[in-house]
Amino acid sequence: MINNKRISILSVLSYLGPLCFVPLMNRDSEFVHFHAKQGLVLWAISNLLIVFMLVPFLGGIIIKLFSLTLIVMSTIGIANVLRAREANLPLIGFLAHHI
């Protein structure tokens with residue numbers, strides 16, 4: 001577990017949708033910033049999914065699949081925070097690295 005509760009809470013916020021902006025402003029901890037960037041990518045992808053709502057039939061299927069994937073990725077990210085790991089999420093970590 002992470003010794004500093006503030007760092008742990010900020011890092012968990014990274015994976016809770018628009019709350020990723022709160023820890024993103026914290027430049028004091030590389031650990032928090034690492035997770036905030038991954039959370040930002042997840043949030044951006046979830047916002048892009050709104051476009052698929054306009055596509056009849058297929059849009060609903062795409063949204064359900066990607067929403068489930070994003071929930072799983074957020075859960076893995078939170079688990080990594082609680083284990084004090086800086087592990088890249090598949091594809092998300094690559095994108096976050098370039099922010």
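Key figures
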{"quantity": "The range 53-73, residues that are free of Cβ contacts under 8 Å to residues at least 12 places away in the same chain and in a helix (DSSP H, G or I)", "calculated": "Met53, Leu54, Leu58, Gly59, Gly60, Ile61, Lys64, Leu65, Leu68, Thr69, Ile71, Val72"}
{"quantity": "Any hit, the range 80-92, residues being of a type in the set (S, T, N, Q), in a helix (DSSP H, G or I), surrounded by fewer than 17 Cβ atoms within 10 Å (Cβ to Cβ) and modelled with pLDDT of 85 or more", "calculated": "no"}
{"quantity": "Candidates Ile50, Ile63, filtered to the one that is surrounded by 15 or more Cβ atoms within 10 Å (Cβ to Cβ), over 19 Å from Lys5 (Cα atoms) and not polar (S, T, N, Q)", "calculated": "Ile63"}
{"quantity": "The lone exception for Tyr15 - which of (1) in a helix (DSSP H, G or I); (2) in contact with a Gly (Cβ under 6 Å, 6 or more places away or on another chain); (3) touching a residue at least 24 places away in the same chain (Cβ under 8 Å) it fails", "calculated": "(1)"}
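The values are calculated or read from the model by the stated rules, or taken from the named source; none is laboratory data. Here the structure is a predicted model, which means the values were calculated and not measured. Note that each Cβ is placed from the backbone with ideal geometry, even for glycine, and that neighbours are counted across all protein chains shown.
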